[in-house]
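Notes follow once the structure below has been shown.
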Amino acid sequence: MDLDQRLNVTKIDTGAVSENSLSRRTFLKVSAAAGGGLLLSFILPRTILSRETADATTVEVFAPNAFIRIGRDGWVTLIMPYVEMGQGTYTSIPMLIAEELEVDLTQVTLEAAPPNERHYANSIFQIQATGGSTSVRAAWEPLRLAGATARMMLVSAAAQNWKVDPTACHAEKGEVIHATSGRRLKYGALVDTVAMLPIPDRVVLKAPENFTLIGTSAKRLDTPDKVNGKAQFSIDVMIPGMKIATVAACPVFGGKLVGVDDSNAKRIKGVHQVVLLDNAVAVIADHMWAAKQGLAALDIQWDEGPNATLSSAEIIRQLETALLKPGVIARKDGDVAKAMAGAAMRIEALYQMPFLAHATMEPLSCTVHVRKNGCDVWVGSQVLARAQATAAEVTGLPLEKILVHNQLLGGGFGRRLEVDFITQAVQIAKQVDGPVKVVWTREEDIQHDIYRPYYCDRMVAGLDKSGMPVAWSHRSAGSSIYARWHPPAFKDGLDPDVLEGAAEPPPPYALPNMLVEYVRQEPPGIPTGFWRGVGPTHNVFVVESFIDELAAAAKKDPVEYRRALLGTSPRAKAVLELAAEKAGWGQPLPEGRGRGVSVQFVFGSYVAQVAEVQVDKNGEVRVTRVVCAVDCGVVVNPDTVKAQMEGGIMFGLAAALFSEITVKNGRVEQSNFNDYRMLRMNEAPAIEVYLVKSGEAPGGIGEPGTSALAPALTNAIFAATGTRIRKLPVNRVELRSAKL
Amino acid sequence: MFTLNINGKDCEANVPEDMPLLWVLRDVLGMTGTKFGCGIAQCGVCTVHVDGQPIRSCVMPVVAVRGKKIMTIEAVGQTPTGANVQKAWLDLEVVQCGYCQSGQIMCAVALLAATPQPNDADIDAAMAGTICRCGTYTRIRAAIKRAAQPLK
């Protein structure tokens, strides 16, 4: 059935809603669903850019990207563009609907929205993405509004049926009830009537004190099939007649394929075909074992191209040079030069952070079936519309002929915001008769990632006689991810990510004279991309390390020093105090142990962490405990927030202690978990997470746990050893010599 | 041609004898619950039981498990310990992306079968070989302890 037929279109003036400060006008349509029942079509903001682009709901053409279907059986189905990659979205988003619609969470099922339907087409050239810790933030208002609209209309339909005043009726657990007469009607019996009703002029959302689901640790909906092997990830896709391929791209970034001798590979049982691309070779086989053996048996000639001699040292030299130049001014408060000239003490420090790989546990894979008149793509992607667009471009088929079937993501962390592996899989599949699943080896994953950029930062501060900062200057040099990933977001030499936590939003401290500059310096050859915690992983490390250095120079306690600067940021101060109290800040520790603290406001959430470390005489660092206090506004699912903080801390800890991608002769030197080390069970600290009760709008939770960790760790190492870590990952040799 | 005893049933697989069990399970028999993570026995997500012992199927040639009893995540819930571990995993909401959890659960079940009341050092020793990139380690530890408690 055509959605645009018989559509009931109304503007909902949410600004008039009592007890809710909804400022936007939202479009929503109600219609009959195909096969009976009710369909609500509405717009969810495109997540990743919600920070800096115009509200999607102000567009002229109504292009819904989310739908709620209520069937005659009473089942509620939510079709939405956000994807599940472990962050709990498939539970927290339905919770928003279930709360306002007054149904049990178990009555809501979820379908990932494919980008192939006509109704999603308008989102193609926008960004249909899951990332940036934005899903709940973006969906918070529209989803509750959609649920509340449906609930009010169901109540009206029942009242009409009974010929009573709607205000005498209420909704509860999937039924409308007329309390005085005791009459009840299930939603399923009302949906066909509702489809014919006008949308109410005014929609009233529940007051937070009346929430029964939001704020509870509802059980996750996606996990039962993840403990019994049934959950299907991208790499698990099985299509009848499917072949399996594995691939090797030119080991040097930017290199090309010259030629291949595949005679040995083709002799391997199970190998069917060798496919040549401009910069890669793939072996098509019956199974991964044959494909891997086939790949190893190829004799490949590469043209290594312009990056054949590229090394990390050269990239770092370029960044260090760039850091000497003035940058684009991202923030200028007061007069830094004047304040610096009048300062009693001047502190300067240089920081560096390495390239990082994502190393999602599920290696990249994509299954593609290209036919003359159509193409199917099975993949786990954070950007479904881009997946569709790249398949259309490679095949030359129109968008509507590309069907993308989204799968669960075995970790995203930003890697699946990229479509390089999808483009490649479609290029391979174009040359294969029938469906083919392209699976990357772990080596390919580590050596052909799109890396968290390398950054170099220079910090200068002037302190007054009492040791408090009167001037703050921060210059950062590194790659702009947005400039490549979404060029319109890179404006006037700046983007919304690269200085998050340094300039916009700034550090939460009262810093009266402040200058923050950015020098864009792209590494030759090395692709850079979003990585869990993105800009803040770099900025929070720099800012929170430097604040700690200032506290040390002022001979003040790191928590007290920060507290004194947080007078205008009560929420930051509150998380700092909570974390310090729970961590037992100030209580004595044995020799070789120390505590470190960090505070941040990024992704719309306030987080403070206290890490406790032990450093032995060999320079080995053991993190024994991390205490984390979070104020992320209204909490939808407290257990999910805790889980995301725990996971974010482990992710940040692995990176700060171990992770570094280095380049030699244009090649990544690491290849697998033996040399790109992960955090393991025996290295995992105890973690305590404390949530601050708040009525503020929800903040992000997927990434703040990661960005807060590194400075808490290195500040703790300083407390334990007196050695200041200004370059990540932590260098054990440096710590060892510091102890001698 | 190999006859493999998997989850109590005999299956035929016409594969080379040096082919790792992982790919036989996943690509030949279509049992995708056992995951591929590294291919070099570094991450543990491919863990299955062979005669009750946890092994890394990505480096185990299929010839080496002929005639042995293989158990995978698809059937481990049929054992009391397996069911207990799965329940503890859900009770404590261990899982995030879930990709490594087949391997984590197979390692935990093997641990509890050998050591019904493991201490932290036992848990570290049994679980350190299995990587979780989502960082669910604290909950895995807690879930193992919960599963270790005697059934009431």
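The numbers here are math on the coordinates, done by the rules we state, and not lab data. Since the structure is predicted, the reported quantities are computational estimates derived from the model, not experimental observations. In this analysis, Cβ positions are derived from the backbone assuming ideal geometry, glycine residues included, and neighbour counts consider all displayed protein chains.
Here are some notes:
- Filter pass, residue B:88 being in a helix (DSSP H, G or I) and either buried (at least 19 other Cβ atoms within 10 Å of the Cβ) or of a type in the set (D, E, K, R) (or both): yes
- Per-region count, segment A:637-677, residues among the charged types (D, E, K, R) and assigned to a helix (DSSP H, G or I): 3
- Which numbered condition residue A:640 fails, given (1) under 30 Å from residue A:504 (Cα atoms); (2) more than 14 Å from chain B (Cβ to nearest Cβ); (3) touching a helix residue (DSSP H, G or I) at 6+ places or on another chain (Cβ under 9 Å): (2)
- Residue in segment A:189-210 that is farthest from the other protein chains (Cβ to nearest Cβ), counting only those that are assigned to a loop (DSSP other than H, G, I, E, B) and surrounded by 15 or more Cβ atoms within 10 Å (Cβ to Cβ): A:197
- Here is the figure for segment A:72-86: residues that are in contact with a helix residue (DSSP H, G or I) (Cβ under 6 Å, 6 or more places away or on another chain) and over 25 Å from residue A:171 (Cβ atoms) total 2.
- In segment B:91-121, residue surrounded by the fewest Cβ atoms within 10 Å (Cβ to Cβ) [restricted to those that are at the interface with chain A (Cβ under 7 Å from one of its Cβ atoms) and not in a helix (DSSP H, G or I)]: B:93
- Within segment A:650-688, tally of residues that are of a type outside the set (Asp, Glu), more than 10 Å from chain B (Cβ to nearest Cβ) and either without any contact (Cβ under 8 Å) to a residue 40 or more places away in the chain or touching a strand residue (DSSP E or B) at 6+ places or on another chain (Cβ under 7 Å) (or both): 6
- Taking segment A:211-279 and the strands (runs of 3 or more DSSP E) fully enclosed by it, no element has 2 or more residues that are at the interface with chain B (Cβ under 8 Å from one of its Cβ atoms), touching a residue at least 24 places away in the same chain (Cβ under 8 Å) and surrounded by 15 or more Cβ atoms within 10 Å (Cβ to Cβ).
- Total residues in segment A:331-387 satisfying the condition of being more than 30 Å from residue A:536 (Cβ to Cβ) and within 14 Å of chain B (Cβ to nearest Cβ): the figure is 2.
- When segment A:67-93 is filtered for residues that are away from chain B (no Cβ under 13 Å) and either part of a loop (DSSP other than H, G, I, E, B) or closer than 21 Å to residue A:701 by Cβ (or both), the ones remaining, listed by number, are A:71, A:72, A:73, A:74, A:75, A:78, A:80, A:81, A:82, A:93.
- For the residues B:44, B:52, the requirement of being small (Gly, Ala, Ser), within 12 Å of chain A (Cβ to nearest Cβ) and out of contact with any Leu (no Cβ under 9 Å at 6 or more places or on another chain) singles out B:44.
- Here residue B:124 meets the list (1) under 24 Å from residue B:51 (Cα atoms); (2) more than 8 Å from chain A (Cβ to nearest Cβ); (3) crowded, with 16+ Cβ neighbours inside 10 Å almost entirely, failing just condition (2).
- Residues of segment A:359-412 satisfying the condition of being assigned to a helix (DSSP H, G or I), buried (at least 24 other Cβ atoms within 10 Å of the Cβ) and in contact with a strand residue (DSSP E or B) (Cβ under 8 Å, 6 or more places away or on another chain): A:384, A:387, A:388, A:391
- Within segment A:597-632, being buried (at least 17 other Cβ atoms within 10 Å of the Cβ), in a strand (DSSP E or B) and over 26 Å from the mean Cα position of the chain (by Cα) holds for A:612, A:613, A:614, A:615, A:621.
- Selected residue (criterion: nearest to the other protein chains (Cβ to nearest Cβ)) from residues of segment B:1-34 that are β-branched (Val, Ile, Thr) and under 16 Å from the mean Cα position of the chain (by Cα): B:32
- Residue in segment B:60-74 that is farthest from the other protein chains (Cβ to nearest Cβ), counting only those that are in contact with a helix residue (DSSP H, G or I) (Cβ under 7 Å, 6 or more places away or on another chain) and in a loop (DSSP other than H, G, I, E, B): B:60
- Close pairs (6 angstrom Cβ cut-off, 6 or more residues apart or separate chains): within 7 Å of chain A (Cβ to nearest Cβ) and at positive phi in segment B:129-146, of a type outside the set (S, T, N, Q) and in a loop (DSSP other than H, G, I, E, B) anywhere: none
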